[in-house]
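Notes to accompany the following structure.
The values are calculated or read from the model by the stated rules, or taken from the named source; none is laboratory data. These numbers come from a predicted model, not from an experiment. Positions of Cβ are backbone-derived with ideal geometry, glycine not excepted, and every protein chain shown enters the neighbour counts.
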Amino acid sequence: MLQHLSSDEKTIFTAGVLLFLAYLGGIITTYLFSASDANHLIVLTITNFMFGRAAGISYGFSAGFGDFVIIVVNIVIEVITILLIYPLFVLSWRKSLTIKGLHSFFSKAKELRVKYSDFFEKYGKYGLFVFVWFPFWMTGPVVGSIIGFLIGLKHHHTMMIVISGTSLAIVIWTYFLKELISFLDQISTYAPHILLGLFILIALIFKVFRAKG
């Protein structure tokens, strides 16, 4: 597979693999000090990947993690996803690799590129940053990185824009949800769990409607 990638794309993919191994090593190391925290990190990772950053951040609060840990962990998870999936899309685009499991996702990203073509043509990389930063579903980092490729941005520009936009979005989500949980705690001490369930439900409903569409 790697022989079909350019040097820049290989660098991106290799960075993703190394960051994933470092993150995995961090979780394994955490087990030496707290099995509970390590288990929570695994669940947080799966939650973010399956249901999005809002659910991942909510789980972090429900697990009792602090702001800094929640922000850093969610950023690392999303950056790993970007660095690994972006080169795979490039290979798929060049017909060098067929990934059935990601075909539908890639198709949706292409549709969004067409849907917002005027916006991206007018604002370019600045529009991409806003698209990635905007805190709603289907405006996330992986879709943003694919759109960056489709509108002709250089790989390193796409990575810088998407990662910075993603990081800012996660910081905003974290402190927004922290304030929301603080407010809801006056009603119920289960506020983080309620929000987690709500975000998972919304994500599932969104996935169902997207599949039907």
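A residue that is within 25 Å of ILE202 (Cα to Cα) and surrounded by fewer than 20 Cβ atoms within 10 Å (Cβ to Cβ) cannot be found anywhere in segment 9-22. Applying the set (1) outside any helix (DSSP H, G or I); (2) closer than 20 Å to LYS122 by Cβ to VAL162 leaves exactly one unmet item: (1). Scanning segment 40-59 for residues that are in contact (Cβ under 8 Å) with a residue 40 or more places away in the chain and assigned to a helix (DSSP H, G or I) yields THR47, MET50, PHE51, ARG53, ALA54, ALA55, ILE57, SER58, TYR59. Report yes if PHE176 is in contact with a Gly (Cβ under 9 Å, 6 or more places away or on another chain) and part of a helix (DSSP H, G or I), otherwise no. No: the conditions fail for PHE176.
Selection of segment 179-212 for residues being surrounded by fewer than 17 Cβ atoms within 10 Å (Cβ to Cβ), in a helix (DSSP H, G or I) and of a type in the set (Phe, Trp, Tyr) yields PHE183, PHE206, PHE209. Only one entry of TRP137, TRP173 meets the criterion of being buried (at least 16 other Cβ atoms within 10 Å of the Cβ) and modelled with pLDDT under 80, and that entry is TRP137. Kindly indicate whether any position in segment 45-54 is buried (at least 16 other Cβ atoms within 10 Å of the Cβ), under 29 Å from HIS155 (Cα atoms) and among the aliphatic types (A, V, I, L, M). Yes: one or more hits. One residue alone among LYS95, LYS108 is charged (D, E, K, R) and either at pLDDT 85 or above or in a helix (DSSP H, G or I) (or both), and that residue is LYS108. Out of VAL17, VAL79, VAL69, one residue alone is of a type in the set (A, V, I, L, M) and closer than 20 Å to GLY144 by Cβ. It is VAL79.
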